[in-house]
Amino acid sequence: MARVGVDSLPLIVVTFAFAGMVIAVQMVDQFVRFGAESLIGGIIGLSITRELAPVMTALIVAGRIGASFAAEIGTMKVTEQIDALEVMGVDPVNYLVVPRFLACAFMLPVLTIFSDFVGIIGGYFVVMTREINVLVYKTSLSELMDPLDVIGGLIKSSVFGATIALVSCYAGMTASGGARGVGRMTTSAVVVSNMLVLILNYFLSVLIFSLRVI
């Protein structure tokens, strides 16, 4: 949990501070042009909590943690450390896979909460520099956003975390062919994890957010 969550936090904070600021920069001028300033905060909040935070957090974790899991377990596989665990009567799945699965499934939503908060605050600072009443930003957030938006993003991130852990651990457990095989399976784990995150995001978005029509 420390590796997945705490160690990833600085990268998450920097990424989403600037992601929220970029979204605000792109939206503010267009919304002001059409006299829709009252929607800025809500649209930024919806974009971040529903899609940007869970998806980008998962992609970051897949690249940082998924690769680490695959390489670590893959190295244990090709050096016969996993065989040694079995000889000692230790189940490799319970010992290596289950803790990583639980850590990813639990810590991805926690990281997503930080992503939501930092991204919305980043947008808030940009709005302050554009001479827009910050109360309008706050009011828009409360009027357009619903608890389902945040909860839905957290559900998605938990599914993404479980997927990343399973793919990465499977890649490591099936590695063979020495260092080259470990490198190949590590790359495969990251690529497959990213693809599955994007595919699952579509189906989860349809399933979760079809419950509410904006």
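The values are calculated or read from the model by the stated rules, or taken from the named source; none is laboratory data. Predicted model, so just to flag it, every value in this text is computed and none were measured. Note that we place each Cβ from the backbone using ideal geometry, even for glycine, and neighbour counts take in every protein chain shown.
Limited to segment 65-116, what total is found for residues that are in contact (Cβ under 8 Å) with a residue 12 or more places away in the chain, within 21 Å of VAL182 (Cβ to Cβ) and not β-branched (Val, Ile, Thr)?
Of the residues in segment 65-116, 15 are in contact (Cβ under 8 Å) with a residue 12 or more places away in the chain, within 21 Å of VAL182 (Cβ to Cβ) and not β-branched (Val, Ile, Thr).
Filter segment 190-202 down to the residues that are at pLDDT 95 or above and surrounded by fewer than 16 Cβ atoms within 10 Å (Cβ to Cβ), then identify the one that is nearest to CYS169 (Cα to Cα).
Looking at the filtered set, the residue picked out is VAL191.
Given the residues GLY152, GLY122, GLY172, which is the only one that is under 15 Å from the mean Cα position of the chain (by Cα) and modelled with pLDDT under 95?
None of the other options fit; the residue is GLY152.
Any idea which of LYS77, LYS156 is among the basic types (Lys, Arg) and surrounded by fewer than 23 Cβ atoms within 10 Å (Cβ to Cβ)?
LYS77
Got a number for residues in segment 143-162 being without any contact (Cβ under 8 Å) to a residue 60 or more places away in the chain and either among the hydroxyl-bearing types (Ser, Thr, Tyr) or over 19 Å from ASN201 (Cβ atoms) (or both)?
2
How many residues does segment 172-214 contain that are of a type in the set (A, V, I, L, M, F, W, C), part of a helix (DSSP H, G or I), more than 14 Å from LYS156 (Cβ to Cβ) and without any contact (Cβ under 8 Å) to a residue 40 or more places away in the chain?
Counting residues in segment 172-214 that are of a type in the set (A, V, I, L, M, F, W, C), part of a helix (DSSP H, G or I), more than 14 Å from LYS156 (Cβ to Cβ) and without any contact (Cβ under 8 Å) to a residue 40 or more places away in the chain gives 3.
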